[in-house]
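S.K.: One structure, as structure tokens, below. Some questions next.
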Amino acid sequence: MAHLLGMQEVSALAGSRILLQGVNLGLDDGSRVGVLGPNGAGKSTLLRLISGVQKPDAGAVTVTDGTTISMLVQSDEMDPQATILEVVHPGAAAHEWASKREYRQVHEGLLADLDLSTKVGTLSGGQRRRVALAAGLCQEAQILLLDEPTNHLDIEGVAWLADYLKERFKAGTSKAGSGALVVVTHDRWFLDEICTRVWEVVPGVDPGGSRPQIPGRIEQYDGSYAAYILARAERARQAEVSAIKRENLLRKELAWLRRGAPARTSKPKFRIDAAETLIADVPPPRDQVELLSMATARLGKDVLDLENVSLSYRREDGTELPILKDVTWRLAPAQRVGIVGVNGAGKTTLLRLLEGTQQPDIGRIKRGKTIKVATLSQSTHELDAVSHLRVVEAVNEVASLMTVGKKELTASQLVERLGFTRERAWTPVSELSGGERRRLQLMRLLMTEPNVLLLDEPTNDLDTDTLAAMEDLLDGFPGTLIVVSHDRYLLERVTDTQVALLGDGNIRMLTGGVDQYLQLRRAATENEIGKKVGAEVRENAKEAGENAANEGLSAQERRLLVKEAAKLERQLDRAQARVEELGKQMNLASEKIASDPQAVGKLAELGREHAQVAQEVAELEDKWLEVSSQLD
């Protein structure tokens, strides 16, 4: 594989803090790298160093001649007056992008429900994110850097993006020049699906005073997220063994040093040096984020019941958009429900109904007498009111003391146990990173001791360690839990049942979980495409008879072209279905390799057939485009 980029002894500073030091990394053609690490450790800084936006304070970043780099950041800077088409394909004529299969894939996966002439300033946050992602994917760059690309994507969109990136950045195949992918994300399912390597950004430690800093570093792991977890656990086990040995030596040295004043005056210097070396070599503890189990108010028999509820919004053109139509839905004590659905289907609206901040058009919402509802919203704007306070003060504003087990903890102790170092605990809220703000928001919410918890995209901006700790907390939450999330891993971990909003005004139970939802969405999409293609074919046939003389084609020639286009579309459908079926067979074969080594041959055979059929799909698309251009 061709080498694309290298980093040699790179260091980066953030003020006086040594964010990264001695970083040595490389990117080769076909690499798919996932970047993990706590919030504020330097993941986004690493992307800026790779892209060249930020220069290293020491070391060098070398890029192979002709290699171009594209980076999608978390915040977009799109012109609100520009149209979607102008943002995604700036300065390009329609035929220039429409003739490229990879661009059409991006349109189908991210922009199918959007009018390309719509101005960006009128879009929702989720729609703007999809447009920014589409623009990044349509740039012809050899190295693609993505910072939290799954934010605001629904489960269906995340699955599409994973398939697209695996196809575009193929490792170990004959597809040369596919480029390299580096992605920062906290979506663990997405990471496990696409990554062939993991870079973990281990944060540095500033002990303060005159003591030297321990700089941040990058640890590399081969394999997917699951392989990374296993490898990290093994490293932790080995480190624990080393720590026990070090502790035993340290205990003996310190005991010797503390024998008394007379003995200290005659200690050989080499013994003192040995003790100091042991102390200096003790690694800093990993930032283990500990989320606290909060006491909850007692729940009665009744929690929240939606009875014959209907709600709709009026569109700009005056038509009604139904969100709920005559829905009856009852929530029981300690019930744990995950809500999925496409963007705009009404998931957040449903939470507002449950919270009581919005009323239905028809029907009623019956509330239990003892319920105490708390909502974690998608935004952290509520922290703006305490932005002038320090973290400890913001916690103290909600509760100054809390009993955990049989121990009473102060606000400063609570903050430290929630993953804020002593230095960060006295940082103003206005200076916190997005993940730190999210952590503080969740802590303040839980300290109010709710018994009904509504979480709207709770995983946004949280690192994987914090997510794992939050899941541990939610596992033990004794109240009723409702979670809206595009994080499939979280939903399947902390909820017992899932429901879907499919845009038809109903709440549908998903007995088959998230997989059933994806099947329903896939079937609906195929049905819509079939209706659209059929309508286009009929329209083309109609126009063929009306405009044949003006277009320079005879009616018979046009009918033959329409027939040929329809034939190609049927062939395309069959070929694409075969590609999908082969992909499923390859997944099954890869799972069998661990128990049956002979499955490697079967996987290789399937891979060759998959590549052959994919090539047929590309050729059929080219033929279809040629025929369609003659009909236009």
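S.K.: Quick one: compute a quarter of the convex hull surface over the Cα atoms of the range 453-499 and quote it in nm².
M.R.: Details: hull surface 12.5 nm².
Mean orientational projected area (the range 453-499, Cα hull): 3.1 nm².
S.K.: Here's something else I'd like to know. Provide Rg and Dmax in Å for the range 349-399, with only Cα atoms included in the calculation.
M.R.: 15.3, 45
S.K.: Could you pull the Rg and Dmax for the range 423-495, using just the Cα atoms, both in Å?
M.R.: Looking at the range 423-495, its Cα Rg and Dmax stand at 12.7, 36 Å.
S.K.: Next up: Computed over the Cα atoms, what is the radius of gyration of the range 77-120 divided by 2.2 N^0.38 Å, N being its residue count? Don't skip to the answer; put the middle values down first.
M.R.: Working: Rg = 10.4 Å, N = 44, 2.2 N^0.38 = 9.3 Å.
That ratio works out to 1.12.
S.K.: To continue, here is another question. Using only the heavy atoms of the protein chains and a 1.4 Å probe, how would 301, 602, 366 rank by accessible area, largest first? Can you show the working numbers first?
M.R.: Values: 301 175, 602 105, 366 70 Å².
Sorted descending by solvent-accessible area, the residues read 301, 602, 366.
S.K.: Taking amide H atoms as placed 1.01 Å from N in the peptide plane, list the residues 5 or more away in sequence, or in a different chain, whose amide H sits under 5 Å from that of residue 376.
M.R.: Amide H to amide H, under 5 Å and 5 or more residues apart or across chains, residue 376 pairs with 454, 455, 456.
S.K.: With a 1.4 Å probe and all protein chains kept in place, how do 574, 364, 437 rank by accessible area, largest first? Numbers along the way, then the final one.
M.R.: Working: 574 150, 364 130, 437 35 Å².
Sorted by accessible area, descending: 574, 364, 437.
S.K.: Just need the relative contact order of the range 1-139 here, percent rounded to a whole number, with Cα pairs under 8 Å and 6+ apart.
M.R.: So the answer I get is 23 percent.
S.K.: Just want to confirm a number: the relative contact order over the range 372-456, from Cα pairs under 8 angstrom separated by 6+ residues, in percent.
M.R.: Numbers: 94 pairs, mean separation 44.7, N = 85.
Once divided by the residue count of the range 372-456, the mean separation gives 53 percent.
S.K.: Counting only heavy atoms of the protein chains, get the accessible area per residue of the range 406-468 (1.4 Å probe) and round it to a whole Å² value.
M.R.: Values: 2250 Å² over 63 residues.
Per-residue accessible area for the range 406-468 comes out at 36 Å².
S.K.: Same structure, new question: Between residue 366 and residue 520, how high is the FRET efficiency from 1/(1 + (r/R0)^6) when r is the Cβ-Cβ distance and R₀ = 51 Å? Nearest 0.05.
M.R.: Numbers: r = 29 Å, r/R0 = 0.57.
FRET efficiency, residue 366 to residue 520: 0.95.
S.K.: Filter the cross-link list 347/623; 119/372; 170/347; 301/325; 43/602 down to pairs whose alpha-carbon distance in this structure exceeds 32 Å. Numbers along the way, then the final one.
M.R.: Working: 347/623 42 Å; 119/372 41 Å; 170/347 35 Å; 301/325 26 Å; 43/602 39 Å.
In this structure, 347/623; 119/372; 170/347; 43/602 exceed 32 Å between Cα atoms.
S.K.: For the range 40-114, rounded, prolate or oblate, judged on the Cα gyration tensor with a ≥ b ≥ c (square roots of eigenvalues), a/c < 1.5 rounded, else prolate if a/b > b/c? All intermediate terms of the calculation are to be shown ahead of the outcome.
M.R.: Numbers: a/c = 2.57, a/b = 1.86, b/c = 1.38.
Here the range 40-114 falls in the prolate category.
S.K.: Roll a 1.4 Å probe over the protein chains and send me the accessible area per residue for the range 42-85 in Å². Spell out each step's value before the answer.
M.R.: Details: 2300 Å² over 44 residues.
Result: 52 Å² per residue.
S.K.: If you roll a 1.4 Å probe over the range 352-461 with all protein chains in place, what percent of the accessible area is carbon or sulfur?
M.R.: On the way: 2480 of 5220 Å².
That fraction is 47 percent.
S.K.: Residue by residue through the range 303-310, which ³J(HN,Hα) values in whole Hz follow from phi under the Karplus form 6.51 cos²θ - 1.76 cosθ + 1.60 (θ = phi - 60°), with glycine and proline marked x?
M.R.: 10, 9, 10, 8, 10, 6, 8, 10
S.K.: Another question, then. Quick query: amide H of residue 179 versus all other amide H atoms, modeled in the peptide plane; which residues come in under 5 Å with a sequence gap of 5 or more or a different chain?
M.R.: 30
S.K.: OK, next. If you average 1/r over all unlike Cα pairs in the range 1-139 and invert the result, what Kirkwood radius do you get in angstrom? Walk me through the numbers before you get to the answer.
M.R.: Working: mean 1/r = 0.0578 Å⁻¹.
For the range 1-139, inverting the mean 1/r across all distinct Cα pairs yields 17.3 Å.
S.K.: Quick one: which of 423-430, 313-320 comes out on top by average Cβ neighbours within 10 Å, and what's the full order, highest first?
M.R.: On the way: 423-430: 16.0, 313-320: 8.4.
Per-residue Cβ counts within 10 Å, averaged per peptide and sorted highest first, yield 423-430, 313-320.
The values are calculated or read from the model by the stated rules, or taken from the named source; none is laboratory data. Values in this document were obtained by computation on a predicted structure and should not be read as measured data. Don't worry about glycine lacking a Cβ; one is built from the backbone with ideal geometry, like all the others, and counts go over all protein chains shown. Side chains included, ligands, DNA and RNA excluded: accessible areas come from the protein's heavy atoms. Shrake-Rupley method; radii C 1.70, N 1.55, O 1.52, S 1.80 Å.
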